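The values are calculated or read from the model by the stated rules, or taken from the named source; none is laboratory data. Keep in mind that what you see is a predicted model, and the values were worked out from it rather than measured. In this analysis, Cβ positions are derived from the backbone assuming ideal geometry, glycine residues included, and neighbour counts consider all displayed protein chains.
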Amino acid sequence: MLRPTQEKIAEGGDVGVGLRRGEIVRAMLWGGRLSKIGTTTIVVVVLFCFVGPLFYHTNLVNPDQLLIVKPPSRQHLLGTDGNGFDELGELMVGGQSALEIGLASAFLASIFGALYGAAAGYLGGFWDGLLMRIVDTMLAIPGLLLLLLLAVIFSTSTPVLIFILALFAWLGPARLVRGETLTLRTREYVQAAKLMGATSIRIVLRHIVPNALGTIVVNTTFQVADAILLLASLSFLGLGPPPPATNWGGMLSDGSEYLVQGGWWLVYPAGAAIVITVVAFNFLGEGIEEAVGARTRK
Amino acid sequence: MTAYIARRLAQSVVILLGVTLLTFVLLHLIPGGPAHGILGPRATAPQIAAFEQATGLNQPVLQQFVVYLDHLLHGNFGYSYKLNQTVGSVFAQDLPKSLALVGPPTVLSLAIGVPLGLWQSQRRDKLDDHLITGVGYVLYAMPDFWLAFILIDVFALRLFWLPPNAPDSTTWTAAFTDAEAMILPWATLTLVSIAVFSRYMRSSALDAMAQDYIRTARAKGAQRGRILRKHVIRNASIPIITLVGLSIPGLLSGAILEEVVFNYPGIGLATYNAALVKDYPILLGTTIVFGALTIFGNLVADIAYAYADPRVRVA
């Protein structure tokens, strides 16, 4: 099948030859303009979400009847929501779960997808065909619908959401890494390892996966962005983390009910937070892509 | 070419079968099983047993699957107990409405996005290119439903130019007779897709312009416009074929969100409501239909690609 992602990856295996680990990480996070913008923004967002609440104390526990849906004021910089909670404070806490779930599911998906793709590509033949048809099958179900099904089957909690998002997201890295493995398996060092009697598991873990790491890291970064977006969509559909946990998508969903009354502050900031975070991770992904020279697209 | 089409067609059938099996098994994992989902949490054990007996749900899953497949092949998608109508009639009623929702934006976003990307490729790294790329990034990172909220807030609630809801009607033609109410849903989907298409077209055109045949054409003294028309556009458009085929699942996912936001009674809203009440025959049917549309889109794209670019036929 034709996929832009299956292009032969130009010498992706030689990433970082002669460079120390620290230098590679530095090149990835701070190597170009896009990386710098992405990294800086992500750091700011993380500080905002995790350190912000230490300085900006708000009541997010006891609903306050007197403060329901008040516009921004000096006491409540971004106004209050339908429970009388401070919107800015909620934005900080809501970001925590968005970031945690996004990162965790992206890592989980990348690790599993990479191993799966490497195994399929390395084994080849019948197994490759079988494993990749499974991927094709799952890819044929539109993402949101698949997530909807999974969310219906497993009642949602934070760990379950991470699992569900990962269950959908591993398909991309599996395809990518398989494509790269097809070129890596013909390399001399893989052949040499094979001749020396290395087992398939050892070859995949020690030779294939490390050499596809550039592609994997780039893709993981994009996956974080995608996961945050998908989490927002799921939360909007009422299938996000259950209350009292909040997240940006859920805030948007709740806030949209007050839009008719002019409650713009319940809709604009939460959406902007999602966009800023997603753009930052996409920038970082492209920056890393430039740095490692791996040609991967989502 | 015939062999290629035959091979891809066989693959598609296998994948569609896989989608059906996967969804079927997945939905049997619903806590308590489908009977529980249909009868509700208060159903007693004897009630569930009687229902399972009557509907064959007490048979082994694989056997149920074979029966379901047999029904499918006869055009019978099952029966929704929650809606009290056949799944087929729900599709017949709602699917055209969803197509009326996603169709015009697809055409419109291609008509705008492709020339826009091409123009950007000619203005590479100039201010306007960066500006459009930046806007594209933001649109790309925007949850569809948030963009819809903004458009509703601005154009419906503040300016009063357009209605905030899509037409609520039982026929798909309402989308065109009451087109004013469709402008916001269409605009949302169009904006999101333009970002994808223009971005892809830009990089595709830049790739084409780096090819040897462009240099040859230039060396022969061909004019800029002619190179663009004869060489760049034609070659850069080929990958767009694949992209259109691949964009179908995204469009369908978008349709679910848009229909919920705008309260538009298409198949997306029906699926969402089915998910909330665990109406599993509808969920199963929608997944199969969406899966079939996706696979069909990929198939058509691949065949069109092979037709446009003979090199892939051999590979």
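Annotation: A:TYR268 fulfils all but one of (1) in contact with an Asp or Glu (Cβ under 6 Å, 6 or more places away or on another chain); (2) surrounded by fewer than 21 Cβ atoms within 10 Å (Cβ to Cβ); the unmet one is (1). Scanning the range B:1-20 for residues that are aromatic (Phe, Trp, Tyr), in contact (Cβ under 8 Å) with a residue 12 or more places away in the chain, more than 14 Å from chain A (Cβ to nearest Cβ) and over 21 Å from B:VAL90 (Cα atoms) turns up nothing.
Go over the candidates A:VAL177, A:VAL217 one by one and state the one that is within 29 Å of B:ALA10 (Cβ to Cβ), more than 14 Å from chain B (Cβ to nearest Cβ) and touching a residue at least 60 places away in the same chain (Cβ under 8 Å). If you could, list the steps in order and put the result at the bottom.
Working: A:VAL217 fails: within 29 Å of B:ALA10 (Cβ to Cβ).
Checking each option against the conditions leaves just A:VAL177.
Do we find that B:ALA255 is under 30 Å from A:SER155 (Cβ atoms), touching a Lys or Arg at 6+ places or on another chain (Cβ under 9 Å) and hydrophobic (A, V, I, L, M, F, W, C) in this structure? Working first, answer last.
Working: under 30 Å from A:SER155 (Cβ atoms): yes; touching a Lys or Arg at 6+ places or on another chain (Cβ under 9 Å): no; hydrophobic (A, V, I, L, M, F, W, C): yes.
Here the answer is no, as B:ALA255 does not meet what is asked.
Determine whether the range A:114-135 contains at least one residue that is closer than 30 Å to A:ALA245 by Cα and either surrounded by fewer than 19 Cβ atoms within 10 Å (Cβ to Cβ) or in contact (Cβ under 8 Å) with a residue 12 or more places away in the chain (or both). Quick ask: steps written out before the conclusion?
Going residue by residue through the range A:114-135, those that are closer than 30 Å to A:ALA245 by Cα are none.
Scanning the range A:114-135, I find no residue that is closer than 30 Å to A:ALA245 by Cα and either surrounded by fewer than 19 Cβ atoms within 10 Å (Cβ to Cβ) or in contact (Cβ under 8 Å) with a residue 12 or more places away in the chain (or both), so the answer is no.
Out of everything in the range A:233-242 that is at the interface with chain B (Cβ under 10 Å from one of its Cβ atoms) and part of a loop (DSSP other than H, G, I, E, B), what residue ends up being surrounded by the fewest Cβ atoms within 10 Å (Cβ to Cβ)? This residue is A:GLY238. On inspection, A:PRO142 fails the criterion of being surrounded by fewer than 22 Cβ atoms within 10 Å (Cβ to Cβ), under 23 Å from the mean Cα position of the chain (by Cα) and without any contact (Cβ under 8 Å) to a residue 12 or more places away in the chain.
I'd like to check which helices (runs of 4 or more DSSP H) are fully inside the range B:94-195 and have at least 3 residues that are surrounded by 15 or more Cβ atoms within 10 Å (Cβ to Cβ).
Details: elements: B:127-140, B:144-151, B:174-177.
By residue number, B:127-140, B:144-151.
Of all residues in the range A:243-262, those satisfying the criterion of being assigned to a loop (DSSP other than H, G, I, E, B) and facing chain B (nearest Cβ under 10 Å) are A:LEU259, A:VAL260, A:GLN261, A:GLY262. When B:ALA217, B:ALA205 are checked against the criterion of being surrounded by fewer than 20 Cβ atoms within 10 Å (Cβ to Cβ) and away from chain A (no Cβ under 14 Å), B:ALA217 stands alone in meeting it.
The number of residues in the range B:246-262 being over 17 Å from A:ALA232 (Cα atoms), more than 9 Å from chain A (Cβ to nearest Cβ) and not hydroxyl-bearing (Ser, Thr, Tyr) comes to 1.
Only residues that are without any contact (Cβ under 8 Å) to a residue 40 or more places away in the chain, of a type in the set (A, V, I, L, M) and closer than 29 Å to B:TYR200 by Cβ were counted in the range B:70-128, giving 3. For A:ALA212, the test of being under 14 Å from A:LEU123 (Cβ atoms) and either touching a Leu at 6+ places or on another chain (Cβ under 8 Å) or not basic (Lys, Arg) (or both) is failed.
Please count how many residues of the range B:134-151 are facing another protein chain (nearest Cβ under 7 Å) and closer than 16 Å to A:VAL260 by Cα.
Here the count works out to 3.
Working only within the range A:131-166, note down all residues that are of a type in the set (Gly, Ala, Ser), assigned to a helix (DSSP H, G or I) and at the interface with chain B (Cβ under 7 Å from one of its Cβ atoms). Spell out how you get there, then give the answer.
Within the range A:131-166, the first condition is being of a type in the set (Gly, Ala, Ser), and the residues that meet it are A:140, A:143, A:151, A:155, A:157, A:166.
Subsequent filtering for residues that are assigned to a helix (DSSP H, G or I) retains A:143, A:151, A:166.
If the condition is that a residue be of a type in the set (Gly, Ala, Ser), assigned to a helix (DSSP H, G or I) and at the interface with chain B (Cβ under 7 Å from one of its Cβ atoms), then A:GLY143 is the only one that fits.
Taking the range A:263-279 as the range and being more than 7 Å from chain B (Cβ to nearest Cβ) and either more than 25 Å from B:VAL135 (Cα to Cα) or not polar (S, T, N, Q) (or both) as the test, the residues that pass are A:GLY263, A:TRP265, A:LEU266, A:TYR268, A:PRO269, A:ALA270, A:ALA272, A:ALA273, A:ILE276. As a summary of the residue check, A:LYS194 satisfies the conditions (1) more than 14 Å from chain B (Cβ to nearest Cβ); (2) of a type outside the set (Val, Ile, Thr); (3) not in a helix (DSSP H, G or I) except for the one numbered (3). All of (1) within 14 Å of chain B (Cβ to nearest Cβ); (2) touching a Pro at 6+ places or on another chain (Cβ under 7 Å); (3) modelled with pLDDT of 85 or more hold for A:LEU171 with one exception: (2).
Say whether the condition of being more than 11 Å from chain A (Cβ to nearest Cβ), touching a helix residue (DSSP H, G or I) at 6+ places or on another chain (Cβ under 7 Å), of a type in the set (Ser, Thr, Tyr) and surrounded by fewer than 24 Cβ atoms within 10 Å (Cβ to Cβ) is met by at least one residue in the range B:263-286. Scanning the range B:263-286 turns up no residue that is more than 11 Å from chain A (Cβ to nearest Cβ), touching a helix residue (DSSP H, G or I) at 6+ places or on another chain (Cβ under 7 Å), of a type in the set (Ser, Thr, Tyr) and surrounded by fewer than 24 Cβ atoms within 10 Å (Cβ to Cβ).
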